[in-house]
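The values are calculated or read from the model by the stated rules, or taken from the named source; none is laboratory data. Quantities reported herein were computed from a predicted structural model and do not represent experimental measurements. Cβ placement follows ideal geometry from the backbone for every residue including glycine, while neighbour counts extend to all protein chains displayed.
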């Protein structure tokens, strides 16, 4: 999937209607269907519902709607459902994957965790919550490794935050 779409626009300085210029328009949001074209994850492991803001090569903000009918809540915990911290971190990584998979030199690559640092869980996440996940690319080295700063918030409160490292596998 390309992050750029071409749009024809009429050159207003030159009134000749046949003259057009091509401008690149950057896609800043992604639907669930578009996310599935970029990430290999599928139910029950696709943990991003929508990308609401995307800046190529820099950052992405995604949404995860937490619902009681998700499989992990059958056992975590039946009387008091809590979203497991590892799934929150995975959701943050998937939003990061949107940024990494579209870097020109890495397009189409599969990224896996290379490390998770300084992750802190600050608030419980329960069914009915909406996670707003922000991920910012810190660096890419040797076109194989990347590091990102990530946070997941509920109602403006930080639920989880930390640094995520990725490695490109062939």
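So is residue 79 farther than 19 Å from residue 41 by Cβ, more than 11 Å from the chain's Cα centre (by Cα) and part of a strand (DSSP E or B) or not?
No: the conditions fail for residue 79.
Do any residues in segment 119-142 that are on the phi > 0 side of the Ramachandran plot have Cβ atoms under 7 Å from those of residues that are at pLDDT 95 or above and not in a strand (DSSP E or B), where the two are at least six apart or on different chains, and which pairs are they?
Note: pairs meeting the criteria are 128/66.
Condition (residue is within 17 Å of residue 154 (Cβ to Cβ) and either touching a strand residue (DSSP E or B) at 6+ places or on another chain (Cβ under 6 Å) or surrounded by 19 or more Cβ atoms within 10 Å (Cβ to Cβ) (or both)) applied to segment 98-119: is it met by at least one residue?
Yes, some residue in segment 98-119 is within 17 Å of residue 154 (Cβ to Cβ) and either touching a strand residue (DSSP E or B) at 6+ places or on another chain (Cβ under 6 Å) or surrounded by 19 or more Cβ atoms within 10 Å (Cβ to Cβ) (or both).
With the structure loaded, tell me whether residue 165 is part of a strand (DSSP E or B) and either under 21 Å from residue 72 (Cα atoms) or modelled with pLDDT of 95 or more (or both) or whether it fails that test.
Considered against the rule, which asks whether it is part of a strand (DSSP E or B) and either under 21 Å from residue 72 (Cα atoms) or modelled with pLDDT of 95 or more (or both), residue 165 comes out as yes.
Quick check on this structure: which one of 59, 64 is under 17 Å from residue 164 (Cα atoms) and touching a strand residue (DSSP E or B) at 6+ places or on another chain (Cβ under 6 Å)?
Answer to the selection: 59.
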